[in-house]
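Asks: Supplied in structure tokens, the structure appears directly below.
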Amino acid sequence: MTQKLTMLLTAGAVLFLSSCQQPVNNKVAKKDEASKYFDEPVITHKVDSVLSMMTLDEKIGQLTLYSSGWDKTGPSMNENYINDIKAGKCGNIFNAFSPDYNRKLQKIAMEQTRMKIPLLFGYDVIHGQKTIFPIPLGEAASWDLKSIQKTASAAAAEAAAAGIQWTYAPMCDIARDPRWGRVSEGAGEDPYLGSKIAAARVHGFQGTDLASDTTVVACVKHFAAYGAPEAGRDYNTVDMSERKLRDVYLPPYKAAVDAGAGTVMTSFNDLNGVPATANHFLMTDILRKEWGFNGFVVTDYTAINELVPHGIAKNEKDAAALAMNAGVDMDMQGGTYSKYLKELLKEGRVTQQEIDNAVRRVLRIKFRLGLFADPYKYFSNKREKKLTYSKYHMSLARQMARESMVLLKNDKETLPLKKGQRIALIGPLANSQRDLLGSWHAAGDWKINKTVKEAMEDQFGRQNIRYAKGCELRGDNRSGFAAAVSAARHSDVVVMVLGESAEWSGEAASRAHINLPHIQSELLEAIHKTGKPVVVVLMSGRPLALDKEVPMTDAMLEAWFPGTEGAPALADVLSGKYNPSGKLPMTFPRITGQIPIYYSAKNTGRPYTKTGKEQKYRSRYLFTPNTPEFAFGHGLSYTTFSYSAPKLSTTKLEMGDTLHVSATITNTGNYDGTEVAQLYIRDMVGSVTRPVKELKGFRRIFLKKGESKTVHFDLTMNDLSFHRKDMTWGTEPGDFKVFVGGASDDVKETAFTLVK
Ligand code: BGC
């Protein structure tokens with residue numbers, strides 16, 4: 001060892017020692033106290049000292065992330081990764097999620113590597129670590145930002161105890177095509193709602209102190225526009241105008257970055273000819289220069305390698321150069337940085353500065369997480385045991401599941417079910433345990449869930465439930481129909497639990513038809529023919545096209561995949577213990593052929609209006625209405641709400657001022673209930689065309705039977721802004737409409753003019 005290196009290592013040891021003397025338990029440290037130790041200048045200084053001691057190989061190691069190979073049945077660590085960790089060539093691990101196993105790996109990094117830089121452990125904690133909350137699309141249907149933040153923070157606490165410091169969430173991809181399976185992981189179709197939820201999730205995961213042992217660093221994904229693949233097929237090409245990108249698709253990512261998210265993940269897709277992972281415009285111009293993001297960017301799984309089949313790189317070496325030049329800091333699983341960065345540097349195709357800056361960004365996050373101060377604090381069997389499935393987390397899961405459910409239809413007050421009713425419980429999902437958790441259920445154990453059948457028996461009494469499966473989710477086997485029909489005949493009301501398997505949504509789970517498989521539809525038809533009232537409970541990871549089924553039902557409830565406490569929550573809703581309040585975060589088309597269908601559409605030059613006589617040369621379908629089955633924002637309650645016309649503080653709004661909007665809502669029905677009041681605007685004439693409606697505010701309010709309350713909104717200049725003809729962001733004077741109501745297709749309106 002050279003004398004210089006020995007000196008450096010001694011200096012390194014001193015640095016680490018002093019780091020270790022920082023307060024370890026930041027849970028008790030106040031925010032300002034914590035920031036004293038973790039504020040930017042201090043971190044920058046420490047990062048630079050560490051960087052100055054690192055070899056090129058060690059630097060590249062910090063830019064390398066490998067999967068441990070751990071899966072739910074046990075670890076299957078590839079020995080090479082252990083060797084890479086030992087050699088300082090792998091600084092980050094994902095998919096390892098147990099305190100003991102993660103501690104073992106951390107020990108290798110801390111005791112057997114020259115630089116002793118702690119590993120960073122990542123995992124897809126999407127809607128819970130072990131206590132599983134509803135899928136994100138379901139949580140979005142609650143429109144309850146506080147609850148969403150709470151579930152994210154509970155997920156973070158469980159994950160952090162299991163040895164994870166980094167979650168690959170929130171997914172901020174706007175999705176307007178329900179064929180795409182990953183709509184289940186996001187907040188739906190709307191940039192305003194999506195942005196609010198993205199920020200709430202980041203706050204939930206990260207808390208106010210990243211260095212706390214109950215928080216994890218968030219990863220905003222998939223940057224960018226992954227939710228708009230052609231034909232809804234996962235990983236497919238995205239081609240869209242920059243205006244649409246900026247007005248619709250970018251806002252939720254930006255909101256998450258503004259909320260302080262520490263990391264961002266590239267998306268798999270091609271965007272306007274340049275795959276995101278090689279896209280300098282996205283990763284550097286927008287993310288870093290425009291938005292000031294100072295965390296690190298990780299690729300999606302082997303996304304650098306995939307630049308080759310995309311046809312933008314001849315080989316993986318070229319791909320690595322493209323990604324590094326674009327501003328991508330860490331290679332997830334592909335090993336391309338590890339193989340080629342050294343050579344690329346020698347050849348002058350990447351610069352030392354690019355590599356150093358990437359390493360700086362990674363180290364900065366490790367410092368902010370407090371890993372240098374105490375590399376082991378995240379691995380706690382005790383804490384994991386205490387938090388996992390704790391009473392508090394389970395009650396959050398139950399409440400979030402109740403709030404996520406959307407009452408789509410309820411004729412003749414079929415719901416709530418009445419006391420003493422004999423209930424036939426039918427359908428392929430009625431007694432399924434596994435599906436309740438949905439896709440990406442992390443370390444969640446489906447074996448602890450109650451099924452809908454069990455929860456209904458608890459809620460309504462075993463003697464009142466007659467169960468018959470009826471059929472499988474797909475296929476042609478009708479042998480269970482007769483028993484199901486007989487159960488219906490011997491009951492007062494039928495509850496059918498239909499929909500999708502958990503595996504039909506999530507990654508690589510696109511569907512070309514989003515209807516109910518024909519066997520389920522036929523079963524419904526057979527039950528409908530008995531003449532008994534039929535309630536359909538849907539479990540699905542996406543909006544479904546139900547034009548055939550809706551008329552055969554008396555009531556319909558969308559339950560999504562509701563999580564660990566989903567079944568008891570469903571029983572609470574069906575019994576009326578909880579009055580449903582969810583609203584759709586995504587439009588339900590009538591048929592798949594209407595896709596993409598979303599409320600915030602443009603008007604066209606030949607808009608079709610239903611009224612009047614036949615309108616041939618209009619923007620319409622020949623045999624299908626333009627309107628959806630269930631609109632964005634739709635969701636009924638067991639009670640009813642009436643809205644006054646919105647009142648404005650002025651009808652002539654001066655540039656720069658804020659418009660105050662209010663409306664009075666009255667609970668006109670027979671139950672106490674929660675309503676989500678929604679505010680939309682329309683900019684009537686612009687230098688570029690504007691959508692017919694845009695959500696700009698919402699309020700969740702609880703109203704007792706007969707009670708009235710006034711909701712208040714402020715519309716700022718920012719709310720009225722868009723990317724104008726010259727692509728600048730701002731407002732334009734002119735006429736606007738304002739709408740307030742309980743769904744995007746059920747509003748009262750008024751108008752104002754924005755004057756110079
Ligand atoms: C998914 C990401 C996920 C990553 C790591 C990828 O296939 O697209 O969303 O975070 O795997 O598991």
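Asks: If I stretch the segment between Thr651 and Asp746 completely, what's the gain in nm (0.36 nm per residue apart, minus their alpha carbon distance), one decimal?
Replies: Going from the current span to full extension adds 32.0 nm.
Asks: Tell me the per residue accessible area of the range 286-327 using a 1.4 Å probe; a whole number in Å² is fine.
Replies: On a per-residue basis, 37 Å².
Asks: Right, next: Take the Cα of Ala601, step 7 Å along the line toward its Cβ, and report every residue of the range 729-756 whose backbone nitrogen sits under 14 Å from that point.
Replies: Only 745 pass the distance filter.
Asks: Next question. On full extension of the chain, what length is gained from Asp411 through Asp57, given 0.36 nm per residue of separation minus the C-alpha to C-alpha distance?
Replies: 120.7 nm
Asks: When a/c is below 1.5 the answer is rounded, else prolate if a/b is larger than b/c, else oblate, so apply that to the range 507-659 with a ≥ b ≥ c taken from the square roots of the Cα gyration tensor eigenvalues. Numbers along the way, then the final one.
Replies: Details: a/c = 1.89, a/b = 1.28, b/c = 1.48.
In terms of gyration-tensor shape, oblate.
Asks: Using the heavy atoms of the protein chains alone and a 1.4 angstrom probe, what is the accessible area of the range 579-673 per residue in square angstrom?
Replies: Heavy-atom accessible area per residue stands at 52 Å².
Asks: Karplus couplings for the range 187-198 from phi (6.51 cos²θ - 1.76 cosθ + 1.60, θ = phi - 60°), rounded to Hz, Gly and Pro as x?
Replies: 10, x, 9, 10, x, 6, 4, x, 5, 4, 6, 4
Asks: With a point put 7 Å past each Cα toward its Cβ, work out how far Val688 is from Trp446 in nm, to one decimal.
Replies: So the label points at Val688 and Trp446 sit 4.4 nm apart.
Asks: In whole percent, what relative contact order does the chain give with Cα contacts below 8 Å and a gap of six or more residues?
Replies: 13
Asks: Taking R0 as 22 Å, what's the FRET efficiency between Lys244 and Lys756 from their Cβ-Cβ distance, rounded to 0.05?
Replies: Details: r = 28 Å, r/R0 = 1.26.
It comes to 0.20.
Asks: Based on DSSP H runs of at least 4 residues, each adding -39500 (n - 2.57), what is the mean residue ellipticity at 222 nm of the chain after dividing by all its residues, to the nearest 500 deg cm²/dmol?
Replies: Theoretical 222 nm ellipticity from helices: -8500 deg cm²/dmol.
Asks: If you don't mind, there's one more thing I want to ask. In whole Hz, what ³J(HN,Hα) sequence does the range 225-235 give by Karplus (6.51, -1.76, 1.60; θ = phi - 60°), x for Gly and Pro?
Replies: 6, 4, x, 10, x, 4, 6, x, 8, 4, 6
Asks: For the range 398-409, in order, what is each residue's ³J(HN,Hα) by Karplus, 6.51 cos²θ - 1.76 cosθ + 1.60 with θ = phi - 60°, in whole Hz (x at glycine and Pro)?
Replies: Each residue's phi maps through the Karplus curve to give 5, 5, 5, 5, 4, 5, 7, 6, 10, 7, 7, 8 Hz.
Asks: Once R0 is set to 60 Å, what does the formula 1/(1 + (r/R0)^6) return for the Cβ-Cβ distance between Thr237 and Asn80, expressed as a FRET efficiency to the nearest 0.05?
Replies: The calculated FRET efficiency here is 0.95.
Asks: Further question on the same structure: For the chain, how big is Rg over Rh, using alpha carbon atoms and the Kirkwood form of Rh? Intermediate results must be reported in sequence, preceding the final value.
Replies: Details: Rg = 27.0 Å, Rh = 27.3 Å.
Radius of gyration over Kirkwood radius for the chain works out to 0.99.
Asks: Report in % the part of the accessible area of the range 628-676 that belongs to carbon and sulfur, leaving out ligands and nucleic acids; probe 1.4 Å.
Replies: 49
Asks: Over the range 566-687, what relative contact order in percent results from Cα pairs under 8 Å that are six or more residues apart?
Replies: Result for the range 566-687 is 29 percent.
Asks: Determine the gain in length on full extension of the stretch Asp735-His513; use 0.36 nm per residue of separation and subtract their C-alpha separation, reporting nm with one decimal.
Replies: Here the answer is 75.9 nm.
Asks: Sticking with this structure for a sec: Would you mind telling me the share, in percent, of accessible area of the range 192-292 contributed by carbon and sulfur at probe 1.4 angstrom?
Replies: Solvent-exposed carbon and sulfur of the range 192-292 make up 48 percent of the total.
Asks: If you don't mind, another one. Which of the peptides 306-312, 96-102 is most tightly packed, and how do the rest follow, going by the mean number of other Cβ atoms within 10 Å of each residue?
Replies: Those peptides, ordered most packed to least, come out 96-102, 306-312.
Asks: If I fit a long axis through the Cα atoms of helix 352-368 and take the longest principal axis of the Cα atoms of the chain, what angle between them do I get, 0 to 90°, rounded to 10?
Replies: Once rounded, the angle reads 70 degrees.
Asks: Under the classification rounded if a/c is under 1.5, otherwise prolate if a/b is larger than b/c and oblate if not, where does the range 600-756 fall, given a ≥ b ≥ c as square roots of the Cα gyration tensor eigenvalues?
Replies: oblate
Asks: Report the FRET efficiency, 1/(1 + (r/R0)^6), for Ala483 and Thr627, where r is their Cβ-Cβ distance and R0 is 45 Å, rounded to 0.05. Don't skip to the end; give the middle numbers.
Replies: On the way: r = 38 Å, r/R0 = 0.84.
The calculated FRET efficiency here is 0.75.
Asks: Let me ask another. Please state the shape class of the range 195-340: rounded when a/c is under 1.5, otherwise prolate if a/b exceeds b/c and oblate if not, all from the C-alpha gyration tensor. Walk me through the intermediate numbers first.
Replies: Details: a/c = 1.96, a/b = 1.32, b/c = 1.49.
Oblate is the answer for the range 195-340, as a/c is 1.5 or above yet b/c matches or exceeds a/b.
Asks: Also, quick follow-up: Roughly how many Å² is the accessible area per residue of the range 348-496, as a whole number, for a 1.4 Å probe?
Replies: Per-residue accessible area for the range 348-496 comes out at 44 Å².
Asks: For the range 247-300, what is the convex hull volume of the alpha-carbon atoms per residue, in Å³?
Replies: Measuring per residue, one finds 77 Å³ for the Cα hull of the range 247-300.
Asks: Given labels modelled 7 Å from the Cα in the Cβ direction, how far is it in nm from Thr208 to Ser721?
Replies: It is 2.8 nm.
Asks: Of the accessible area of the range 309-350, with the probe set at 1.4 angstrom, what percent is carbon plus sulfur?
Replies: Result for the range 309-350: 47 percent of the exposed heavy-atom area is carbon or sulfur.
Asks: Could you tell me how far the Cα centroid of the range 363-391 sits from the Cα centroid of the range 710-756, in Å?
Replies: 45
Asks: What nm value, rounded to one decimal, do you get for the distance between Lys709 and Glu290 when each label is placed 7 Å out toward the C-beta?
Replies: Going by the 7 Å Cα→Cβ label model, 3.8 nm.
The values are calculated or read from the model by the stated rules, or taken from the named source; none is laboratory data. Note that the structure is predicted; figures quoted are calculated from it, not measured. Virtual Cβ from ideal backbone geometry, glycine too; neighbours counted across all protein chains shown. Calculation scope for accessible area: heavy atoms of the full protein, side chains included, ligands and nucleic acids excluded. Shrake-Rupley method; radii C 1.70, N 1.55, O 1.52, S 1.80 Å.
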